[in-house]
2 protein chains.
Amino acid sequence: MTNAKSEIFQQFAELARVLGQGNRLELLEHAAQGERSVERLAQLTGLSLANASQHLQVLRRVGFVRSRRDGKRMLYRLGDGPVIELLGALRRYAEHSRAEVRGIVSDYFNRLDSLEPVSREALVKRLDDGSAVLLDVRPEDEFALGHLPGALNIPFADLERRLAELPKDTQIVAYCRGPYCVLSFEAVAALRAKGYDIRRLEDGFPEWKAAGLPVGTVGAGNSP
Amino acid sequence: MTNAKSEIFQQFAELARVLGQGNRLELLEHAAQGERSVERLAQLTGLSLANASQHLQVLRRVGFVRSRRDGKRMLYRLGDGPVIELLGALRRYAEHSRAEVRGIVSDYFNRLDSLEPVSREALVKRLDDGSAVLLDVRPEDEFALGHLPGALNIPFADLERRLAELPKDTQIVAYCRGPYCVLSFEAVAALRAKGYDIRRLEDGFPEWKAAGLPVGTVGAGNSP
DNA sequence: TTGTCATTCAATCAATAACTTGACTGATTG
DNA sequence: CAATCAGTCAAGTTATTGATTGAATGACAA
């Protein structure tokens, strides 16, 4: 009776506890970008290999990530439950209530509000009527694993060299890994300084995918 | 740079960690029903007074609950951020991915699916056209602190004695504290056995309130 | 003021968690 | 069939956390 009730709370708590560790959240965010090896994830987060491996197993135990073997590599990717939704709810709560988060975010992303992010809905409309061009500033390998249809991939590091590929007369919408990924913020700042009309997509690739919207892979929509 | 990023993850993790404890989730659920004293919450959850107090302070530190003093009592209630939404996301994830949760839920709430819960939207429509009567089976004190407008309050314990107040010719929609509150499940089971046409509201009082829908207090919509 | 009630604080202890190290396993490559 | 590579496992260390106890506070009532 009361037993079953508190058992449910225990289940919920176990899930929350898995998210209750910064390193795991960071691993999860990286895994949400696409499949990654343990070694890569350890690199990306700065964790030791064994430590990353252990955290990934914790994440896997509750289904936040799944894994498969590819030769001698073990590849981890996001699980198929509503994980992104859960992380989104966490983020929204944090933004609402935590001065620290708001402070860090706005300090870091120099005046985030002035960048006026574009919503998914608005993006779809603007791509339809040709009034915007979509730019993916993530590294090539992440792009290859999946991207928004029709996006042009110029990794942030290559942006300076490849300015010629960007239109000066059409608005650009940039996106990257998610709401806290810096790449698109920095791309927007850099390109605005050069006179481009550019805005940021509110969401990143994982949110787009989680919403069940179509996803391109290499070969589609990215011909040079 | 990377520092600010992992600082954000730390912030998120702290929030999740607070939810990562069954007792705290249970306290939170009770506080979500309305204002309650520490003593009451300790009773409801079976925790020691000091322990409950300490957990409540942890919950307060991150804004999941707020407190105010009333004489010598300290009253705790739900915080004003999107807490219910966060808990809902947690619940939905759990339902999607955890066989344990699904098992417990369906074992416990004898064939939950056969009870065909009514959605909020459907309820509003049916109350409008008079094709349903709304029944709140929570204890009187919880009802007094807030309830769905127009609801009739018959605490589950009093149901047998007060059957006369219920219509046999109109459908009844019962609700209680939330998706995992047993009262409405049991009320539905009991009244169905007696031939009433009764269904369960999908949500409980906290979800209704969190959705910004109107809430009644004693005196409104409950006149005998 | 003194006493009482409701809650919080402080100290303590046991249990759990995160990270490290080094050994182990499984799949590929020479 | 070694040798190597990628990842996991097991054991140990240190730090956190949850619960208990008893003392301390703050508000009110006699």
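Excluding same-chain neighbours fewer than eight residues apart, the lysines reachable from B:K194 by a Cα-Cα span under 20 Å are B:K168. Across peptide A:80-90, the average count of Cβ atoms from other chains found within 10 Å of a residue's Cβ is 6. Label-point spacing at B:D129 relative to the other copies reads 3.8 nm, in ascending order, each point sitting 7 Å out from Cα along Cα→Cβ. Summarising the amide proton neighbourhood of B:M74: residues at separation of 5 or more, or on other chains, whose placed amide H is nearer than 5 Å comprise B:V38. For an R0 of 30 angstrom, estimate the FRET efficiency from the Cβ-Cβ distance between A:S37 and A:S119 and round to the nearest 0.05. For R0 = 30 Å, the calculated efficiency reads 0.35. For A:R66, the label point sits 7 Å beyond Cα toward Cβ; its separations from the matching points on the remaining copies run 4.3 nm, from shortest to longest. Between B:D141 and B:Q57, the contour length at 0.36 nm per residue exceeds the alpha carbon distance by 27.9 nm.
Other chains near B:55-68: what is the mean number of their Cβ atoms within 10 Å of each residue's Cβ?
Working: counts 0, 0, 0, 0, 0, 0, 0, 4, 5, 2, 0, 0, 0, 0.
The mean count of partner-chain Cβ atoms within 10 Å per residue comes to 1.
Under 5 Å from the amide H of B:Q171 lie the amide H atoms of B:V133, each residue being 5 or more positions distant or on a separate chain, with H modelled from the backbone and absent for Pro and chain starts.
Other protein chain C-beta atoms within 10 Å of residue C-beta, averaged over A:20-30: 5.
Distances between equivalent label points of A:T170 across the copies, with each point positioned 7 Å along Cα→Cβ, amount to 6.0 nm, shortest listed first. Let me have the relative contact order for segment B:1-76, percent, based on Cα pairs under 8 Å that are six or more residues apart. That works out to 29 percent.
Is segment B:111-210 best put as rounded, prolate or oblate by its Cα gyration tensor, with a ≥ b ≥ c the root eigenvalues, rounded for a/c under 1.5, and otherwise prolate when a/b is larger than b/c, oblate when not? Verdict is rounded for segment B:111-210.
If we sort B:63-69, B:8-14, B:48-54 on the protection proxy, mean other Cβ atoms within 10 Å, highest first, what's the order? Walk me through the intermediate numbers first.
Working: B:63-69: 17.4, B:8-14: 20.6, B:48-54: 14.3.
Order by mean packing, descending: B:8-14, B:63-69, B:48-54.
Entry note, chain B: the mean residue ellipticity at 222 nm calculated from DSSP H runs of n ≥ 4, each adding -39500 (n - 2.57), is -14000 deg cm²/dmol after division by the residues and rounding to the nearest 500. With the simple spin-label model, which puts each label point 7 Å out from Cα in the Cβ direction, the A:S131 to A:A157 separation comes to 3.7 nm. Where both bridge residues fall in chain B, DSSP classifies roughly 45% of the beta bridges as antiparallel.
Taken together, the values in this text are just the output of simple stated rules run on the coordinates, not laboratory data. Please read these numbers as outputs of a predicted model, since none were measured by experiment. Neighbour counts are summed over all protein chains in view; Cβ atoms, including those assigned to glycine, are modelled from backbone coordinates with ideal geometry.
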